[in-house]
Each structure stands twice: as structure tokens, then as C-alpha cells.
Amino acid sequence: MLPSCEDLQLENKRVFLRVDFNVPLDKEGKISDDSRMKASLPTIKYLMQKGAKLIVASHLGRPKGQVNPKFSLLPVAEHLAKLLDREVIFPDAGLGDGLRKLASELEPNQLILLENLRFDPGEEANDVDFARKLANLCDVYINDAFGTMHRSHASTVGMLAFVQEKAAGFLVQKEVKFLSQLLNEPPRPFVAILGGAKVSDKIAVIENFLKKVDVLLIGGAMAYTFLAAQGQRVGISLVESDKFHQARKMLEKARVKGIPLVLPSDHVVAKSLDEASEKRTTLGQEITGEWMGVDIGPKTLEDFKNHLYGAKTIFWNGPVGAFEIPSFARGSVQLAKMISESNAMSVIGGGDSLAAVKVAGVADKMTHLSTGGGASLEFLEGKKLPGLVALES
Ligand code: AMP
């Protein structure tokens, strides 16, 4: 069982809260999307309400164990202060005695945000000394960083050996609840839609889903590997020819189990992945000549709609076209709308699918928007996430 932060006595305790504030920054170093920060606000506010003394920690980007101002959490600290409307202490010193003293002198409701954990090579190496130093800052450990649960790092796994009390924050609890439901007891029929660029990223999820779903819809560039593996002509579409064997294996597994694995029956094709490129819609499944599939066509949308109709659970990860390019985004946006119009429990994962849901204006109609990225996919592959195992043991 995953312990919850609600089960702990928090008043006057120094609480180390691992969050995922790995936000995207624009060229000027400003936060371009603060969803990940907002996702952990309920946990932060709850802990403060309970009189905890908070030491919040995150990584940002890939500084590779070196101090690098480009990856400083300073803009995150400033933005957090605004979101919470209170002071955020942002110490610039490393994990030495100074910081320990600062943490021990915190008052209830005060909050420190540590500098980027990955400035120290000990974080990603899960170094014991670094883990012990982190643990020495606190009485209680809470993890609300679902997006890093698949990593065995000092702040997600190592330090837990040195703290007495540990629990999951609300974001982690929510992710685990919905993703577990997909794997264990999804209301049926359960329809999954997988898209995106590469079969290789999702092959393990497809394999696990063939044991769980009633229908599997596949779109995006990934579909061309499946079509080409069956001997279909796909023009100059993106394919992973080294994955033909696995694609055929999945198609065969689906056939044996009687699970419809639905591929696009028509496509929007273009000469290149360029907004200005000439484009057209194919009449059937074949793509000939120097054309590449860039989006699913209207017939496929209709097919997908028929499968989604009556679904009780829908999971979607990965756009069904080159969504970032507005003229190839229609399929993904329409799909988002179709899902929102269903009465199913809907779980959406992956940055591009979440963006499509936002562009379609239907984010609030989905049951759960999973911010977990790679961690969500590993969970859905059926793997045990080290960060969760450490919390549960
Ligand atoms: P993923 O990170 O695997 O979910 O893949 C997302 C990427 O897949 C996005 O950058 C999309 O532009 C890309 N993508 C989806 N469909 C296609 C396609 N038909 N051709 C090229 N890229 C695509």
C-alpha cells in the first residue's frame, strides 16, 4: 500500500518534499508552462496548512552533475512565491552545515526551495553520502514527483533508507490511482489509442496493453511501421524498419487474442514535414510515390469514433499526426474532442496529447491528465517504479 501524506503527523516537522518542477524554459529563461508546478500545489498547501516546515526539492534539465546557472531553479523559486503568495527561501549554498542549520531553524509554514538537485553528481548516481545529506535535512519524506518515479536517484530512492517516515503526495496518489485502474480494473470496453513518432518507445506498452484492452487504435508515424511491416506501401513516411519483426509479432498477438488492432485506413499526406508543404488526403490505406503520412484522414477518424462509441475507459498517449504543425493537427484535435464527448473514464498522457487536448479546449472534460511522461509509460508497461517501491517498503 502506498502511504499517504494524510496519514502522517506533520506539525512542526521538517518535511522534505520531492516535486517535479522540471518546467520548460524559453530562450530568455522564463517558464513557458507552469503546469508541473501547479500540479503539486495541493500537496504544498496541505503540508503548510498542517504546520509543516517545508524543504522542497526538484531537478531541472540535465546539468550533468555540474553547477550551471542555465539550469538554476531561481526562476522557479520566484514563480512559486507568486503562486503561493508567500516567501520562498532560496539558499544558494550547497548541502553543507549552513543549509542544515537553515532547515533546523525553519518555522512552521516556512518554505525553502533547494537549488537544482542535479547540480550534484550524487543525485543521479544515487550516492549514499549525498542521500544521507538530503535525509539529514528532514524528519519526514514526501514524494510528489511522479514524473521521476522511474529513476533510482538519491532524492527518489537513496535518501528513503535514512528517514523514518515517508509518504506520497496527492499528485503521486492520483497518478497511481488512475494508472492502476487502467491496468487492474478498467470499466469495459477499454479502448487505448497510441500514437507518436516511434514504435520503439511504445512497444512494451503495446505488449502489456494486449493483455488489458478490448481495442487498440494506432495512429501517428508509428502506424507506418505497422503498415509497412505488413507489406503496405507507405511512400516516404517515417518507418523503423528494424522494428518490422516486433510489429508483426504484435499484430499476430492481437489476432490470436481477438483484439482489434486498428490502423489508419486513410491519411493526410504531404511532400515534407513543413507547414507550407503541398498536402492531400489519400483515398485508401496506401501511400504511393514521394508522399509521407502526416496525419490520420477523415475515414480513420470515423473508424476511431465507432470504436470509441460505447467505450467505458479510454487511454490516449501520443498524437496521431505531426501535431506541432498546425496544418497536420486536425486528426489529433478531432480525436481529443471525440474523447471528451464520450462518457468514458478518460486518461490522457504524453506532452503532445496533453497539448492537443488543450488546443481542442477540452482539458477540463477529461478524467485525468497524466503529467508523468516516461514514468507513466513505464508504469503502463507493468514495470515496478523504483520511487514507488521505495515509498511502499
Ligand atoms: P512521441 O513523443 O513518441 O509521443 O511522439 C510525438 C511526436 O510524434 C510529435 O513530435 C509528432 O510530431 C510526431 N508524429 C506523430 N505523427 C507523425 C507523422 N505521421 N509523421 C511525423 N511525425 C509524427
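If you check Ala145 against the conditions, is it free of Cβ contacts under 8 Å to residues at least 40 places away in the same chain, aliphatic (A, V, I, L, M), open to solvent by less than 10 Å² (accessible area, probe 1.4 Å) and in the same structural domain as Arg18 (by TED's automatic domain parsing)?
Against the criterion (free of Cβ contacts under 8 Å to residues at least 40 places away in the same chain, aliphatic (A, V, I, L, M), open to solvent by less than 10 Å² (accessible area, probe 1.4 Å) and in the same structural domain as Arg18 (by TED's automatic domain parsing)), Ala145 does not qualify.
Yes or no, residue by residue, for (1) open to solvent by 60 Å² or more (accessible area, probe 1.4 Å); (2) farther than 24 Å from Asn68 by Cβ; (3) at pLDDT below 95; (4) of a type in the set (Val, Ile, Thr):
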{"position": "Gly96", "(1), (2), (3), (4)": "no, no, yes, no"}
{"position": "Ile112", "(1), (2), (3), (4)": "no, no, no, yes"}
{"position": "Leu117", "(1), (2), (3), (4)": "no, no, no, no"}
{"position": "Arg132", "(1), (2), (3), (4)": "yes, yes, no, no"}
{"position": "Cys138", "(1), (2), (3), (4)": "no, yes, no, no"}
{"position": "Met159", "(1), (2), (3), (4)": "no, no, no, no"}
{"position": "Phe162", "(1), (2), (3), (4)": "yes, yes, no, no"}
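Tally time: how many residues in the stretch 286-316 are part of a loop (DSSP other than H, G, I, E, B) and either open to solvent by less than 30 Å² (accessible area, probe 1.4 Å) or within 14 Å of the ligand (Cβ to nearest atom) (or both)?
Going residue by residue through the stretch 286-316, those that are part of a loop (DSSP other than H, G, I, E, B) are 286, 288-291, 297, 309-312.
Right, trim to either open to solvent by less than 30 Å² (accessible area, probe 1.4 Å) or within 14 Å of the ligand (Cβ to nearest atom) (or both) and you get 291, 297, 311.
Residues that pass the stated criteria total 3.
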Next on the checklist: Checking Ser272 against (1) of a type in the set (Gly, Ala, Ser); (2) away from the ligand (no atom under 14 Å from the Cβ); (3) open to solvent by 20 Å² or more (accessible area, probe 1.4 Å): exactly one of these is not met. Which one?
Outcome noted: (2)
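So that you can scan it fast, the table gives a plain yes or no per residue for (1) at pLDDT 95 or above; (2) within 10 Å of the ligand (Cβ to nearest atom); (3) touching an Asp or Glu at 6+ places or on another chain (Cβ under 7 Å):
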| site | (1), (2), (3) |
| --- | --- |
| Ile193 | yes, no, no |
| Ser200 | no, yes, yes |
| Ile206 | yes, no, no |
| Lys211 | yes, no, no |
| Gly220 | yes, yes, no |
| Ser237 | yes, yes, no |
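Yes or no: Lys202 more than 22 Å from Ala39 (Cβ to Cβ) and without any contact (Cβ under 8 Å) to a residue 40 or more places away in the chain? So that I can check it myself, show each step before the final result.
Working: more than 22 Å from Ala39 (Cβ to Cβ): yes; without any contact (Cβ under 8 Å) to a residue 40 or more places away in the chain: no.
So Lys202 does not fit the description; no.
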Checklist entry - Among the residues of the stretch 317-343 satisfying the criterion of being surrounded by fewer than 22 Cβ atoms within 10 Å (Cβ to Cβ) and not in a helix (DSSP H, G or I), which is nearest to the ligand (Cβ to nearest atom)? => result Glu324
Checklist entry - When residues of the stretch 1-40 are filtered for being closer than 24 Å to Glu115 by Cβ and surrounded by fewer than 16 Cβ atoms within 10 Å (Cβ to Cβ), how many remain? => result 10
Next on the checklist: Residues that are in the same structural domain as Ala276 (by TED's automatic domain parsing), part of a loop (DSSP other than H, G, I, E, B) and away from the ligand (no atom under 11 Å from the Cβ): does the stretch 350-357 have at least one?
Outcome noted: no
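The values are calculated or read from the model by the stated rules, or taken from the named source; none is laboratory data. Since we're looking at a predicted model, the values are computed, not measured. Note that we place each Cβ from the backbone using ideal geometry, even for glycine, and neighbour counts take in every protein chain shown. Ligands, DNA and RNA are stripped out before the accessible areas are found, and what is left, the full protein with its side chains, is counted by its heavy atoms. Shrake-Rupley method; radii C 1.70, N 1.55, O 1.52, S 1.80 Å.
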